[in-house]
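Please treat every number below as a calculation from the coordinates, not as lab data. From a predicted model like this one, the values you see are computed outputs, not experimental measurements. Methodologically, a virtual Cβ is constructed for each residue, glycine included, from the backbone with ideal geometry; neighbour enumeration extends over all protein chains shown.
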Amino acid sequence: MAESIDESDNVELADNDLETDNKGKLIKKAGQLRDRRNELNQMASERASKRDELNAKTREKVDEAQEHREKRDELNEKVQEHKEKRNELNAKANELFDKVDEMKEDLELNEGKSVDQLEEEIEDLEFKQQTEVLSTEEERELIEKIEQKREKLSERKEKLDQSGDLEELKEKAQDVRAQASEHHQKVTELADEAQEHHNQMIEAYREADEIRDEADEWHEKFVDAQEAADRHHEDFVRVQKRLRELDKEEDEERQEEREAEKEAAREEAEEIYEAFQNGETLDTEDLMKLQKTGLL
């Protein structure tokens, strides 16, 4: 940051200086005021250049921030597009899974035991029949259980045979859900990228504010130097005006002196001429005085 103006280097001009100082002092004061004015103008110019340089950097940072803003907004638009597509696909997947559940209910596949469970139970019962000593009644009951299990197994397999459309529908639902997940992944990626541009935008604006503050400080320093330069220029002009007045007064005094000298010479010449007319003899000096005044 530029240093403040050293007030001790400034040249002061009091109003009474113009009236009381002689011409020599005023000429010296004018030179001092002119030199200090030029020095301050140079200082003001340098500070203005620094201010303009910082203002240019501020604009660059603002432009950079604006670029990040535009990129962020562009990415957020894409985020919204993928969100809408994701939600649309999720809604479609939900409809398909609802249909899968409905079809399962229609086929009663959600109820009862699975094919594997039924086959395992049948094997256990047949093993028991073959390995254990049973009474006639017990064996009859066991055979009935086996038959019932086989009927359920047969019904279960028949339903599964009819469930080919169900698996196809389920695969379709899963495929749609996978597409929705892809769009969700894009939402996450683009949102992260948009956030990064947002952060960079905030940082660029922050830097622009800092640089602008520094530029404002340089502008204040420029104003201080320019005002001081203007003040010295005004005083310089006042001194110059006073010097012109003094020159005019001196010219007028010299003119008055010349007029007085001419009048005195004329009066003297007239006296010499009158003496000449009265018959007095004139010397060379008297003749020259008469010639000067045109009386001879």
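Sequence-ordered 3J(HN,Hα) estimates for the stretch 5-21 from the Karplus curve with 6.51, -1.76 and 1.60 and θ = phi - 60° stand at 5, 7, 4, 5, 8, 6, 9, 9, 10, 7, 4, 6, 4, 5, 8, 9, 6 Hz, glycine and proline given as x. Considering only Cα atoms, the convex hull volume of the chain works out to 262 Å³ per residue.
Working note: Karplus 6.51/-1.76/1.60 with θ = phi - 60° gives the stretch 90-101 the couplings 5, 5, 5, 4, 4, 4, 5, 5, 4, 5, 4, 4 Hz, where Gly and Pro are set to x. Bridging of Lys145 to lysines at a Cα separation below 20 Å is possible for Lys113, Lys128, Lys157, once same-chain residues fewer than 8 apart are set aside. Computed over the chain, relative contact order equals 40 percent, with contacts defined as Cα pairs under 8 Å that lie 6+ residues apart.
Under 20 Å of direct C-alpha separation, and excluding same-chain neighbours fewer than eight residues apart, Lys50 reaches these lysines: Lys61, Lys221. The distance separating the Cα centre of the stretch 161-214 from that of the stretch 259-296 comes to 119 Å. Among Ile272, Ile143, Ile27, determine the one that fluctuates most according to a GNM of the chain built with springs between C-alpha atoms less than 10 Å apart. Fluctuation is largest for Ile272.
For the chain, modelled as a GNM whose springs connect Cα atoms under 10 angstrom apart, the maximal fluctuation among Ala215, Ala260, Ala228 occurs at Ala260. Compare Lys28, Lys61, Lys71 in a GNM of the chain, Cα atoms joined below 10 Å, and give the one with the largest fluctuation. It is Lys28. Taking Lys and Arg as +1 and Asp and Glu as -1, the other residues whose beta-carbon sits under 11 Å from that of Phe222 total -3. Scalar couplings 3J(HN,Hα) for the stretch 30-46, obtained by applying the Karplus form with A = 6.51, B = -1.76, C = 1.60 to θ = phi - 60°, are 4, x, 5, 5, 5, 5, 5, 4, 4, 5, 5, 5, 5, 4, 5, 5, 5 Hz; x denotes Gly and Pro. Size estimate for the stretch 216-296 follows the Kirkwood approach: the inverse of mean 1/r over distinct Cα pairs works out to 17.5 Å. With K and R counted +1 and D and E -1, the other residues having a Cβ less than 11 Å from that of Glu270 yield a net charge of -3. Averaging Cα coordinates gives a centre for the stretch 227-245 and one for the stretch 116-137; these two points are 127 Å apart. Here the sum of -39500 (n - 2.57) over DSSP H runs of 4 or more residues, divided by the residues of the chain, equals -32500 deg cm²/dmol at 222 nm, to the nearest 500.
Loop-located GluC sites (Glu not before Pro) across the stretch 265-294 with a Cβ neighbour count of 13 or fewer within 10 Å are Glu280, with loop assigned by DSSP.
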